[in-house]
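Student: Structure in structure tokens, see below.
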Amino acid sequence: MEIGWHAGERTSLRALFALAEDSPQRLEASLDRGRVLVAQDDGRVVAYLQLVESDAPGQAELFSMAVIDERRGQGLGRALVARAVAECHDEGIRTLLVATAAADVGNLRFYQRLGFRMLRIERDAFTVADGYPEGLVIEGIPLRDRVWLTLCL
Ligand SMILES: CC(C)(COP(=O)(O)OP(=O)(O)OC[C@H]1O[C@@H](n2cnc3c(N)ncnc32)[C@H](O)[C@@H]1OP(=O)(O)O)[C@@H](O)C(=O)NCCC(=O)NCCS
């Protein structure tokens, strides 16, 4: 497995991005934002991490990431975050921000296992107006609130 920056257009990554985004609207709006690290197995992209600049100096946002189903739980997500952290640190970035659904307890565990700490909760962030399907439930919990976490680099 090799990790590096993705070059060129992003359409080939759309299906992977869709693993991390339930709103087709938000997916289209964000596909070309920032820069993207990809993990490849013999040239096949099996995971990605999208990094976006933040308004605040010294801060960047881990905007989205995903690993294909059959490669989950094998440390790829951890490796991608570690690489993003190293790249950001070299650039003088000292805070990495991430947002995820409060309903997604697996993601909350994933980010906290990597050292992220909770910052704030944005209630009713996943709206139909923003492209999220009505009545979406994750692990029995309605998709409603967004949790922001930060990692000090
Ligand atoms: C979240 C995701 C990127 C994690 O990637 P991964 O390669 O499976 O994670 P890793 O194998 O590197 O796991 C690192 C740690 O997080 C934990 N973890 C990862 N996914 C988890 C989950 N769904 N539930 C509980 N713990 C999880 C692992 O157990 C491991 O902890 P450990 O050291 O105690 O064993 C991956 O599950 C995924 O693509 N999910 C779908 C898309 C998504 O929701 N993206 C995030 C929102 S932007």
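Student: What number of residues within segment 99-111 satisfy the criterion of being of a type in the set (Val, Ile, Thr) and within 10 Å of ARG146 (Cα to Cα)?
Tutor: Qualifying residue count, segment 99-111: 1.
Student: Hey, another quick one. Report every pair of residues separated by at least 6 positions or lying on different chains whose Cβ atoms are under 9 Å apart, first residue within segment 92-104 and without any contact (Cβ under 8 Å) to a residue 12 or more places away in the chain, second open to solvent by less than 20 Å² (accessible area, probe 1.4 Å).
Tutor: Cβ pairs passing all conditions: none.
Student: While we're here: So, in segment 1-48, how many residues would count as being open to solvent by less than 50 Å² (accessible area, probe 1.4 Å) and outside any strand (DSSP E or B)?
Tutor: Residues in segment 1-48 being open to solvent by less than 50 Å² (accessible area, probe 1.4 Å) and outside any strand (DSSP E or B): 13 in total.
Student: Among the candidates ARG83, ARG109, ARG35, which residue alone is over 24 Å from VAL128 (Cβ atoms) and near the ligand (Cβ under 9 Å from one of its atoms)?
Tutor: Going through ARG83, ARG109, ARG35 in turn, the sole match is ARG109.
Condition check ((1) under 16 Å from the mean Cα position of the chain (by Cα); (2) part of a loop (DSSP other than H, G, I, E, B)) across all residues:
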site	(1), (2)
GLU70	no, no
VAL81	yes, no
CYS88	yes, no
LEU96	yes, no
GLY106	yes, no
ARG120	no, no
PHE126	yes, yes
GLY135	no, yes
VAL147	yes, no
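Student: Okay, moving on. Mind checking which residues of segment 49-77 are in contact with a helix residue (DSSP H, G or I) (Cβ under 8 Å, 6 or more places away or on another chain) and near the ligand (Cβ under 9 Å from one of its atoms)?
Tutor: LEU49, GLN50, LEU62, PHE63, SER64, MET65, ALA66, VAL67, ILE68, GLY77
Student: Which condition does ALA103 not pass, out of (1) near the ligand (Cβ under 9 Å from one of its atoms); (2) surrounded by 20 or more Cβ atoms within 10 Å (Cβ to Cβ), if it passes all the others?
Tutor: The single condition ALA103 does not satisfy is (1).
The values are calculated or read from the model by the stated rules, or taken from the named source; none is laboratory data. Being a predicted model, the structure only gives us computed values, none of them experimental. Every residue, glycine among them, receives a Cβ derived from its backbone with ideal geometry; neighbour counts consider all protein chains shown. Areas reflect the complete protein model, heavy atoms only, side chains present, ligands, DNA and RNA absent. Shrake-Rupley method; radii C 1.70, N 1.55, O 1.52, S 1.80 Å.
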